[in-house]
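Structure first, then comments.
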Amino acid sequence: MERSPVLAIDDAHSNLLLLQHVLWKAGVPVDTAGSGEEGLRLAIEHEHPLIFLDILMPGMDGLEVCRRLRRHPFASPPSIVLMTSMGEQFSQTQATEARADGVFFKPVAPSRVLELARGVLGKAGWRFRP
């Protein structure tokens, strides 16, 4: 079985299902984690090229997960996209300091998810369904 190129980390199960469904339709399997701690473990174990990471989670939040992933010596560092429903309360400076590659504001448009996945995973040779 081919490993999943995408990891979605979010404490809201509905958000994980949405990402899985959108990417599954394009032929991309997605691993999921319901907490920052679980997501960090999976990201290090499986070295996913693309990670969608919720910011507001109980326990270890997404910014801390992102900082820890950036310190990990991956052979090929993942692209990390933060997701938040904080709106104007969110400071882009936080994403920059955590060294995230981008930020999506919820609700995330499926077309943006696919566009980003095609850009990141296409470079790695991933083939998408038409």
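What follows is calculated from the coordinates using simple rules that are stated; it is not laboratory data. Remember, it's a predicted structure, so these values are computed and weren't measured experimentally. As a convention, Cβ positions derive from the backbone with ideal geometry for all residues, glycine included, and neighbour counts pool all protein chains shown.
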The summed charge of the E45 Cβ neighbourhood (under 15 Å; Lys/Arg +1, Asp/Glu -1) stands at -1
Built amide H within the under 5 Å cut-off of A8, gap 5+: D31, T32, A33, F52
If I histogram all Cα-Cα distances within the chain using bins 5 Å wide from 0, what percent of pairs lands in each bin? 2, 11, 24, 26, 22, 12, 4, 1, 0
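Which order do the peptides 80-87, 105-112 take when ranked by the mean count of other beta-carbon atoms within 10 Å per residue, highest first?
Details: 80-87: 18.8, 105-112: 13.6.
Averaged packing, sorted descending, gives the order 80-87, 105-112.
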Given a cut-off of under 8 Å on Cα pairs at least six residues apart, what relative contact order in percent is computed for the chain? 25 percent
Given the DSSP H assignment, sum -39500 (n - 2.57) over each helix run of at least 4 residues in the chain and divide by its residue total; what's the result at 222 nm in deg cm²/dmol, nearest 500? -13000 deg cm²/dmol
Could you give the dipole magnitude of the chain about its Cα centre, charging the beta-carbon of Lys and Arg +1 and that of Asp and Glu -1, in debye to the nearest 20? 540 debye
Modelled FRET efficiency - R0 25 Å, R129 with D101, Cβ distances, 0.05 increments: 0.55
